[in-house]
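The values are calculated or read from the model by the stated rules, or taken from the named source; none is laboratory data. Because the structure is predicted, anything quoted here is derived from the model rather than measured. Glycine also receives a Cβ, built like all others from the backbone with ideal geometry; neighbour counts cover every protein chain displayed.
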Amino acid sequence: MVNPIIVVDYDPNWPAIFECLRGRIADALGDVAAAIEHVGSTAVPDLAAKAIIDIDVVLASETMLPAAIERLARLGYSHRGDLGIPGREAFRAPANDPMHHLYVCPPGSTEFLRHTAFRDYLRAHPEDARVYGDLKMALSERFRDDRTGYMNAKAEFVEDLTSKAIAGQKR
């Protein structure tokens, strides 16, 4: 079964979808979560993206991961582990939910800091966001059925902007 890569123009409904998901997740996690953030391309106004909302949850404490797994399971999320990326735990969303990726991060997570730095950089630099959107559109046509190829082809651009974003935060 092929899961093609489809990048679409920005949808102004994405922030509202995030807020709906965020509210349900926040209610379930309570004080286990220190923050719940809309990250990824759908969090950047006017940026073309795959129509999948990316959500990062930061735990109030590293010891709270088991509680988060349990509480999210009650909502229908299934824990998938770190999927090879230390510093964040991935969850499969319930089948009938809007398309989204959910990640739970410990406090001080490098992945969370990277995600929010990249998002904030693109929000503050619309020209770079436009270039990134154009790149993703072109790559989604070229690598429609090759997720690894798509990710690898945009990796250098993403890493360059993320490095700029993190360097800008340290000033």
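Things to note:
- Unique match (being touching a Pro at 6+ places or on another chain (Cβ under 6 Å), of a type in the set (A, V, I, L, M, F, W, C) and not in a strand (DSSP E or B)) among Ile17, Ile25: Ile17
- Pairing each residue of region 58-81 that is under 21 Å from Val39 (Cα atoms) with any residue that is acidic (Asp, Glu) and surrounded by fewer than 13 Cβ atoms within 10 Å (Cβ to Cβ), provided the two are 6+ apart or on different chains, yields C-beta distances under 8 Å for Ala60/Asp31.
- When each of Leu122, Leu135, Leu139, Leu113 is tested for being over 29 Å from Pro4 (Cβ atoms) and assigned to a helix (DSSP H, G or I), the lone residue that passes is Leu113.
- Hey, Asp46 in contact with a Phe, Trp or Tyr (Cβ under 6 Å, 6 or more places away or on another chain), buried (at least 21 other Cβ atoms within 10 Å of the Cβ), charged (D, E, K, R) and at pLDDT 95 or above or not: no
- Residues that are out of contact with any strand residue (DSSP E or B) (no Cβ under 8 Å at 6 or more places or on another chain), touching a residue at least 12 places away in the same chain (Cβ under 8 Å) and closer than 19 Å to Ala51 by Cβ within region 82-107 comprise Pro94, Ala95, Asp97, listed in sequence order.
Rundown of residues vs (1) in contact with a Cys (Cβ under 8 Å, 6 or more places away or on another chain); (2) farther than 22 Å from Ile53 by Cβ; (3) surrounded by 15 or more Cβ atoms within 10 Å (Cβ to Cβ), yes/no style:
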position: Ser109; (1), (2), (3): no, no, yes
position: Phe112; (1), (2), (3): yes, no, yes
position: Asp120; (1), (2), (3): no, no, yes
position: Gly133; (1), (2), (3): no, no, yes
position: Met151; (1), (2), (3): no, no, no
position: Asp160; (1), (2), (3): no, yes, no
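- Residue within region 114-132 that is of a type in the set (Gly, Ala, Ser), over 27 Å from His79 (Cβ atoms) and at pLDDT 95 or above present: yes
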